[in-house]
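> Let me begin by handing over the structure; questions about it come next.
The values are calculated or read from the model by the stated rules, or taken from the named source; none is laboratory data. The structure displayed is predicted, hence computed values, not measured ones. Here the Cβ positions follow ideal geometry from the backbone for every residue, glycine too, while neighbour counts run over all protein chains shown.
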C-alpha cells in the first residue's frame, strides 16, 4: 500500500473546510486507503513494542471534580434543537472520534459546524472549551482559530480557512455516572476530552499554526507556541556532549538532509499525528535518569507545558503520573539549536508522548521547514488516548447489558 504521507497538501486543488466534496482528488487516494485500513483495526493505543503496558491507569478517584465540564456540555447541548443534537452525538466508542485531521480541506469532518451555530450556541461551545482547557490552553486554542481567519484574509480563500469552521461532536451523553466525551476538529486544532467519573482523558490533542506570530494589524502581538519552543530549546541546550550524542538524532530537518524514512511531507518528522492511534513508536534519545537534577526539572517543565493545556486541577493529576515515570521519559531532537534553526523534538514515556515540529510552508511559499509553521501533538500511550483504558475498566466494573449502570 502506498504511504499516505506522500500526499502533498499544497498540490491538492482548492477544497472547502466546511463541506466534503462529492469527488475527492486523486491525490487523496493513498490517504483514504490508509484511513480505511486504520479504522478497520480495533483501537488499542500507541505502544513501544506492540503490546500495551498494563497497570498504568486506574479508576481510583482523583479527587478532582469533572462537574465544570459536565455543566458546560449540558448547557451547550441544551441550546441545540433535536436535529442538531442528533447530528452532534455519536456512540461513546464511535469511529468518528478517530477521524480528526488537522489539514484545512474537509475530508473527514463530522458533528456540528460552529460557524453555523447561533451566537448564543457559539458562546456555549466556547464555554465548553474554556471548561476543558486552562486559561493558557484556551487562549492558544482561540489564537489558532483567529490565525486561521487571518489565512482567509491573506489568501482570499474564505471557503478553505476562517475562525469558525470547526466541528463539535459528542460521544455518549454527558451524565454524572456515564462515560462521555467531546471533540473539536478543524484546521490546526483537534482536541479530544473524555470523562469517566472524575477522570479526564485529554488526548489526542493537536495544535498548530501558520503563521505563528503577527507583527501588525488587528492580531499584532499574537504569538503561539512560544513556551513549547523555548522550553524545548532550553532542555537541548542544557545537554553536555555525551547527552547530546544520544538526544540529537540528526542535526538538521531540511529537505535532503534526512534519511528517506524520516521524510513525511504532511507532518514533517511527526509520527503520532492523525490516524496513528495504534502505532508502535520505540523510545529514542536520552533518558530522564541520564539527566542531572536541573535537566530533569527542565524535562518536567517541557512536558508540563503541554499537559498544562488542560484544566489546572486535572493537569496536576496527570503530572503525578508523569512524575512516576520521569526516569524513563526519553527526549530526542532533530535540527539545529540556533536562533533561526527549524527543529523537531519528542518527549516520550509510558504515560505521555509530545511532539513539536517546524513545518515547511503550506500557505506561504517556503519549501523548507521554518519557524513560522508549527505542529504539536500530545498523546497518552498504552490505551490512554480517548480514555480507552479507563472505558475498558469502567465496563469491567459496571454492567451496561440492560442499558443501566450496575456494579458487577
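> Output the number of residues of the stretch 96-121 satisfying the condition of being outside any loop (DSSP other than H, G, I, E, B), under 19 Å from residue 171 (Cα atoms) and either at pLDDT below 95 or more than 21 Å from the chain's Cα centre (by Cα) (or both).
1
> Report, by residue number, each residue of the stretch 157-177 that is farther than 30 Å from residue 219 by Cβ and in contact with a strand residue (DSSP E or B) (Cβ under 9 Å, 6 or more places away or on another chain).
Correct list: 170, 171, 172, 173, 174, 177.
> Related question: Hey, among the residues in the stretch 349-372 that are assigned to a strand (DSSP E or B) and in contact with a helix residue (DSSP H, G or I) (Cβ under 9 Å, 6 or more places away or on another chain), which one's farthest from residue 47 (Cα to Cα)?
358
> How many residues, within the stretch 158-196, are touching a helix residue (DSSP H, G or I) at 6+ places or on another chain (Cβ under 8 Å) and either in a loop (DSSP other than H, G, I, E, B) or within 20 Å of residue 315 (Cα to Cα) (or both)?
The qualifying residues number 26.
> If we scan the stretch 13-32, do we find a residue that is assigned to a helix (DSSP H, G or I), within 30 Å of residue 198 (Cα to Cα), in contact with a helix residue (DSSP H, G or I) (Cβ under 7 Å, 6 or more places away or on another chain) and modelled with pLDDT under 95?
no
> Also, I was wondering about something else. Which residue pairs have Cβ atoms under 9 Å apart, sit 6 or more places apart or on different chains, and have a first residue in the stretch 134-145 that is free of Cβ contacts under 8 Å to residues at least 40 places away in the same chain and a second that is in a helix (DSSP H, G or I)?
Going by the 9 Å Cβ cut-off, the qualifying pairs are 135/312; 138/126; 138/129; 138/130; 138/132; 142/126; 142/129.
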